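The values are calculated or read from the model by the stated rules, or taken from the named source; none is laboratory data. A quick note: this is a predicted structure, and the numbers were derived from the prediction, not measured. Neighbour counts are summed over all protein chains in view; Cβ atoms, including those assigned to glycine, are modelled from backbone coordinates with ideal geometry. These area figures cover heavy atoms from the full protein model, side chains too; ligands, DNA and RNA do not enter into them. Shrake-Rupley method; radii C 1.70, N 1.55, O 1.52, S 1.80 Å.
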Amino acid sequence: MCGIAGELRFDNQPADLAAVERITQSLTARGPDACGFNSQGPLALGHRRLKIMDLCEASGQPMVDSALGLSMVFNGAIYNYPELRAELEALGYRFFSEGDTEVLLKGFHAWGEALLPRLNGMFAFAIWQRDVQELFIARDRLGIKPLYLSRTGERLRFASTLPALLKGGDIAGVLNPVALNHYMSFHAVVPAPDTLIAGIEKLPPGTFMRVDASGKTSQHRWWTLEFGASEEEQGYSFEDWQERTLTTLRESVALRHRAAVDVGVLLSGGVDSSLLVGLLREAGAADNLQTFSIGFQDAGGERGDEFKYSDLIAQHYGTRHHQLRIQEKEILEQLPAAFRAMSEPMVSHDCIAFYLLSREVSKHCKVVQSGQGADELFAGYHWYPQVDGAEDPVEAYLNAFRDRSFEEYADTVQRQWVKGDFSGDFVRQHFAQPGADAAVDKALRIDSTVMLVDDPVKRVDNMTMAWGLEARVPFLDHNVAELSARIPAKYKLPDGGKYVLKEAARKVIPAAVIDRPKGYFPVPGLKHLQGDTLNWVRELLTDPSQDRGLYNPAMLDKLFNDPEGQLTPLRGSKLWQLAAVNLWLSEQGL
């Protein structure tokens with residue numbers, strides 16, 4: 001787990017190593033243990049290292065193999081690297097280190113782009129091929145590890161975060177109106193390649209790119225999520241799918257338990273994180289298994305913690321449990337730091353929960369498992385039944401998920417930002433694509449390959465890496481994702497969703513956490529804006545020094561006149577969403 005950066009020049013000039021150094025040093029939190037640089041003519045690479053799998057200096061980066069003519073930087077973890085190493089050794093390759101980085105480097109030399117489907121893990125990496133003067137960049141299937149790009153006529157730069165690229169200079173920091181529409185209406189989800197800053201893109205998940213020293217570029221999607229049971233699975237019973245689900249999850253959790261001495265679990269008390277605790281115990285996690293839960297002040301009649309259920313699991317499995325309770329004052333104190341850690345502004349108020357929880361976890365361990373992805377893969381959200389039975393599934397999805405219609409968006413922002421209904425068009429185009437026949441499968445596909453990537457997964461990566469903490473997400477093993485897409489919706493939708501997962505979980509964890517009402521990682525104080533928090537948001541949105549010409553004053557007045565009543569369909573605060581953009585831009589110096 002690390003931060004990576006680089007520059008490739010197209011103008012026959014040497015790479016700007018000073019710019020790459022500035023970008024790389026801004027990634028220190030992601031890799032606090034070591035730093036390295038390498039420059040070869042038009043290319044410069046930078047790396048910040050978090051030592052997990054191989055602590056030896058031989059695994060330092062950028063990694064250069066002069067005999068093969070390759071150099072690389074890599075962020076992530078390849079869980080099946082021992083098996084791949086054995087294959088490569090059988091082919092005659094010899095290794096000078098013990099970790100997964102060199103396996104990637106030599107695996108690329110052996111198999112080229114065909115290496116990618118062999119990998120089980122999370123990754124974003126760049127490999128420079130000296131002899132053909134070509135850069136190969138790739139990102140994992142579900143976008144667990146980020147990669148941002150900035151391109152001009154003279155050069156390409158890349159980095160693990162958007163704010164890091166800004167440190168390189170020569171980026172104007174102008175807002176992208178397409179991304180602003182997505183952010184304001186699509187629950188802050190901005191699909192790749194767009195970002196909120198014009199001139200900065202993100203490589204889509206499951207994609208690789210080739211760029212040579214002249215600037216010639218090609219890009220290819222190397223993995224897609226296909227829906228529908230295979231021919232041999234057509235006769236599977238519900239019990240068969242249950243067994244397959246549990247077996248595949250067991251394998252995923254065990255694989256991610258490798259090379260992790262001090263293991264933690266972010267324990268919300270829901271089915272997903274509770275199941276991870278149970279499966280880790282099965283996988284041999286010793287008595288030092290640690291669990292971490294966070295709670296906040298109640299607000300608006302909404303409880304700010306789920307300790308009742310997280311305590312139940314911690315006691316059942318005898319974990320070393322840590323409870324963290326946060327008061328309103330600390331939320332306001334820490335919000336700016338949390339927003340500095342965001343690669344893009346995120347509206348979900350549980351970002352601060354993950355940020356503060358990660359701070360606590362990082363005091364005790366370097367690796368933590370988290371339950372992101374289960375709701376998107378196994379149909380855990382309330383809108384899936386609505387889409388499944390809808391006469392117009394696209395409109396049903398938009399009405400349930402979007403924070404604002406296009407008409408309300410046009411009333412919220414000033415005229416110069418109203419360029420089109422980009423989020424609505426994106427959903428309509430996605431539903432029209434082949435690869436998923438049933439309407440509910442189309443909704444699951446957009447959520448698992450787009451929304452999941454640029455909301456929950458990005459949130460966990462940004463907030464954990466802000467504290468040098470490696471988060472592993474077993475539900476996002478590609479084998480789990482591919483299996484979930486083949487399970488018929490009729491086995492996922494009942495019982496409030498995730499039916500097949502819940503029934504499989506009964507074989508592992510107490511029923512009390514399965515049959516409970518569906519919960520959430522709650523931060524009521526950012527949903528029900530009151531008191532000091534409301535005053536803080538008011539100042540942020542009405543301070544003339546913070547006015548960027550984004551919002552219509554009439555809409556701000558309307559929202560402030562009824563802050564409790566102005567909630568999105570997903571029950572988030574519309575005021576908080578506007579404030580989050582201002583806060584993020586301020587913290588990035590824009």
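Things worth noting here:
- The residue pairs whose first member lies in the stretch 565-576 and is more than 14 Å from Met555 (Cα to Cα), whose second member is outside any loop (DSSP other than H, G, I, E, B) and among the small types (Gly, Ala, Ser), and whose beta carbons are closer than 8 Å, counting only pairs six or more residues apart or on different chains, are Pro569/Ala400.
- The residues of the stretch 535-566 that are within 20 Å of Trp417 (Cα to Cα), in contact with a Ser or Thr (Cβ under 8 Å, 6 or more places away or on another chain) and either of a type in the set (D, E, K, R) or in a loop (DSSP other than H, G, I, E, B) (or both) amount to a single one, Asn552.
- Looking only at the stretch 252-284, residues that are assigned to a loop (DSSP other than H, G, I, E, B) and either open to solvent by 10 Å² or more (accessible area, probe 1.4 Å) or among the charged types (D, E, K, R) (or both) come to 10 in all.
- Condition broken by Asp447, with the remaining ones in (1) free of Cβ contacts under 8 Å to residues at least 40 places away in the same chain; (2) more than 30 Å from Pro553 (Cα to Cα); (3) not hydrophobic (A, V, I, L, M, F, W, C) satisfied: (1)
- On inspection, Phe108 fails the criterion of being within 23 Å of the chain's Cα centre (by Cα) and either at pLDDT 95 or above or crowded, with 24+ Cβ neighbours inside 10 Å (or both).
- Meets criteria (open to solvent by 20 Å² or more (accessible area, probe 1.4 Å) and at negative phi) for Asp403: no
- Annotation note: Cβ proximity below 9 Å between a residue of the stretch 454-467 that is of a type in the set (Lys, Arg) and a residue that is part of a helix (DSSP H, G or I) (sequence gap 6+ or interchain) occurs for Arg459/Asp350; Arg459/Cys351; Arg459/Phe354.
- Restricting attention to the stretch 492-534, the residues that are assigned to a helix (DSSP H, G or I) and modelled with pLDDT of 90 or more add up to 10.
- Matching residues, the stretch 404-435, being in a loop (DSSP other than H, G, I, E, B) and of a type in the set (Val, Ile, Thr): Val418
- In the stretch 358-401, the residues that are within 30 Å of Gly295 (Cβ to Cβ), touching a residue at least 40 places away in the same chain (Cβ under 8 Å) and part of a loop (DSSP other than H, G, I, E, B): Ser362, His364, Cys365, Lys366, Ser370, Gly371, Gln372, Gly373, Ala379, Gly380, Tyr381, His382
- Residue count for the stretch 299-329, restricted to those that are open to solvent by 50 Å² or more (accessible area, probe 1.4 Å), farther than 19 Å from Glu282 by Cα and either assigned to a helix (DSSP H, G or I) or modelled with pLDDT of 80 or more (or both): 6
- The residue list Leu276, Leu255, Leu280 contains one member that is modelled with pLDDT of 90 or more and within 19 Å of the chain's Cα centre (by Cα), which is Leu276.
- Test: residue in the stretch 27-39 that is among the polar types (S, T, N, Q) and closer than 25 Å to Gly112 by Cα: yes
- Criterion (open to solvent by 50 Å² or more (accessible area, probe 1.4 Å), over 13 Å from Phe475 (Cβ atoms) and more than 24 Å from the chain's Cα centre (by Cα)) met by exactly one of Glu239, Glu226: Glu239
- The stretch 81-105, residues that are closer than 24 Å to Glu482 by Cβ and surrounded by 22 or more Cβ atoms within 10 Å (Cβ to Cβ): Tyr81, Asp100, Val103, Leu104
- For the stretch 1-104, the strands (runs of 3 or more DSSP E) that sit wholly inside it and include 1 or more residues that are of a type in the set (D, E, K, R), in contact (Cβ under 8 Å) with a residue 12 or more places away in the chain and in contact with a helix residue (DSSP H, G or I) (Cβ under 8 Å, 6 or more places away or on another chain) are 2-9, 43-49, 63-65.
- Long-range neighbours under 6 Å by Cβ, at least six apart or interchain, first residue under 27 Å from Ala114 (Cβ atoms) and among the aliphatic types (A, V, I, L, M) within the stretch 191-219, second part of a loop (DSSP other than H, G, I, E, B) and at pLDDT 95 or above: Ala192/Pro204; Leu203/Leu147; Ala213/Pro42; Ala213/Gln133
- Residue satisfying condition, being crowded, with 22+ Cβ neighbours inside 10 Å and in contact with a His (Cβ under 7 Å, 6 or more places away or on another chain), within set Leu526, Leu583: Leu526
- Qualifying residue in the stretch 17-24 (condition: surrounded by fewer than 24 Cβ atoms within 10 Å (Cβ to Cβ) and not aliphatic (A, V, I, L, M)): yes
- Test: residue in the stretch 470-485 that is buried (at least 22 other Cβ atoms within 10 Å of the Cβ), touching a helix residue (DSSP H, G or I) at 6+ places or on another chain (Cβ under 8 Å), closer than 30 Å to Glu328 by Cα and of a type in the set (A, V, I, L, M, F, W, C): yes
Residues are listed down the side, and each one gets a yes or a no for (1) among the aliphatic types (A, V, I, L, M); (2) open to solvent by 10 Å² or more (accessible area, probe 1.4 Å); (3) under 19 Å from Val178 (Cβ atoms):
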site: Glu391; (1), (2), (3): no, yes, no
site: Ala396; (1), (2), (3): yes, yes, no
site: Tyr409; (1), (2), (3): no, no, yes
site: Val427; (1), (2), (3): yes, no, yes
site: Asp437; (1), (2), (3): no, yes, no
site: Val440; (1), (2), (3): yes, no, no
site: Ile446; (1), (2), (3): yes, no, yes
site: Met451; (1), (2), (3): yes, no, yes
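- Residue in the stretch 9-18 that is among the polar types (S, T, N, Q) and over 25 Å from Asp461 (Cβ atoms) present: yes
- Scanning the stretch 370-383 for residues that are open to solvent by less than 10 Å² (accessible area, probe 1.4 Å), out of contact with any Ser or Thr (no Cβ under 8 Å at 6 or more places or on another chain) and closer than 20 Å to Ala283 by Cβ yields a single hit, Ala374.
Let's see how each residue does on (1) open to solvent by 40 Å² or more (accessible area, probe 1.4 Å); (2) out of contact with any Pro (no Cβ under 9 Å at 6 or more places or on another chain):
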{"position": "Asn12", "(1), (2)": "yes, no"}
{"position": "Ala29", "(1), (2)": "yes, yes"}
{"position": "Pro32", "(1), (2)": "yes, yes"}
{"position": "Gly36", "(1), (2)": "no, no"}
{"position": "His47", "(1), (2)": "no, no"}
{"position": "Gly60", "(1), (2)": "no, yes"}
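- Positions within the stretch 567-590 being assigned to a loop (DSSP other than H, G, I, E, B) and over 12 Å from His187 (Cα atoms), in sequence order: Gln588, Gly589, Leu590
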